[in-house]
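What follows is a single structure, written as structure tokens, with notes after it.
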Amino acid sequence: METDAQELTERVQPVRVHYRECGAGTPLVFLHGGWGYEIYPFDRPIAALAARHRIIIPDRSGYGRSTPIQRLEPRFHEAAALETRAVIDALDLRLPVLWGHSDGAVIAALIALAAPARIGGLVLEASHLSGDKPGSRAFFEMTARDPDSIGDRAAAALARDHGREWRQVVVRHSLAWLELADAKPAADFYGGRLGDLQVRTLIVHGARDPRTEPGELDAICSALPHAARLVLPEGGHSPHSERASADAVASAAVRFLA
């Protein structure tokens, strides 16, 4: 599909957005994390939810088969939220549920803060509060310098998604997070307004998520005291696709969305 949104691109218009689609029913939009869709696919939630939901999975600009970009700006979450709203409009999705993973969770929350009457629900998985990630700095420095350091299995998944450009995807993302970390003070992605979220929300998080800073999950839950939550004791950065937790996440999502 094409949309006039150009927030993530260098003044390219129209923007080409590739998306996957399956199922039927209430719209459910999956928003991928910073390395794209294939690295953490939503196979288990799709199997559990496609009978009652029209599932849409867009690739943001710079990912998959969508319009390429040269640089990921530090304010990319805000730009991606505007692009995603344009996709929702172009597909005429009425009160979609947004399930965002990692960067996608930040994007989903920003959309719901800006347009709560247009969103039917949120699943915020492996979300972030700000760009202050000292525990991840060494990781981002390594992947920015040497994207092959992610290992062969991850590289193969990224190559399926992005082809020969997969290294650029990793480098762009790591550099953007390093810039976020260097901001003084580090940006609160929501401008202190996360607690204003009015959309019914499910928080999904792995207790062992390596991209989560000490106290970060507690701060998110404190800002959203009325949200349902599922914290997986053995979960990592992607509970929805990890063997030990995928079934529990899918079951919780079915109950929440029912």
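Please treat every number below as a calculation from the coordinates, not as lab data. None of the values given here were measured: they were computed from a predicted structure. When we count neighbours, we look across all protein chains shown, and the Cβ atoms used for this are built from the backbone with ideal geometry, even at glycine.
Using only the Cα atoms of region 59-141, build the gyration tensor, take square roots of its eigenvalues as a ≥ b ≥ c, and label the shape rounded, prolate or oblate: rounded if a/c is under 1.5, else prolate if a/b is larger than b/c, else oblate.
Values: a/c = 2.34, a/b = 1.40, b/c = 1.67.
Oblate, since a/c reaches 1.5 and b/c is not below a/b.
Cα atoms only: what Rg and Dmax, in Å, come out for region 45-185?
Values for region 45-185 (Cα only, Rg and Dmax): 16.0, 47 Å.
Rounded to the nearest 500, what is the chain's calculated 222 nm mean residue ellipticity when only DSSP H runs of at least 4 contribute -39500 (n - 2.57) each, over all residues? Intermediate values should be presented prior to the final figure.
Working: 8 runs with 91 residues, N = 258.
Counting only the DSSP helices, I get -11000 deg cm²/dmol.
What translational diffusion coefficient, to the nearest whole µm²/s, does region 156-248 have by Stokes-Einstein, given a Kirkwood radius computed over alpha-carbon pairs, a temperature of 20 °C and 1.002 mPa s viscosity? If you can, show how the numbers build up before the last one.
Details: Rh = 15.7 Å.
In µm²/s, the coefficient is 137.
Using 1/(1 + (r/R0)^6) with R0 = 30 angstrom and r between the beta carbons of residue 258 and residue 148, what's the FRET efficiency to the nearest 0.05? The partial results should precede the final answer.
On the way: r = 43 Å, r/R0 = 1.45.
Calculated value: 0.10.
For the chain, what is the Kirkwood hydrodynamic radius in Å, using each pair of distinct C-alpha atoms?
Values: mean 1/r = 0.0550 Å⁻¹.
Over the chain, the inverse of the mean reciprocal pair distance is 18.2 Å.
Please grab the % of Cα pairs in region 3-128 that end up more than 20 Å from each other. Intermediate results must be reported in sequence, preceding the final value.
On the way: 2897 of 7875 pairs.
For region 3-128, the share of Cα pairs beyond 20 Å comes to 37 percent.
Any chance you could list the semi-axes, whole Å, largest first, of the equivalent ellipsoid that the Cα gyration tensor gives for region 104-160, using √(5λ)? Please list the in-between numbers first.
Details: eigenvalues 187, 53, 13 Å².
Sorted largest first and rounded, they come to 31, 16, 8 Å.
Based on alpha-carbon centroids, what's the gap between region 12-91 and region 130-155 in Å, whole number please?
Here the answer is 23 Å between Cα centres.
Between residue 114 and residue 73, 0.36 nm times their residue separation minus their Cα-Cα distance comes to what? Spell out each step's value before the answer.
Numbers: separation 41, 0.36 × 41 = 14.76 nm, distance 2.04 nm.
Gain on extension, residue 114 to residue 73, equals 12.7 nm.
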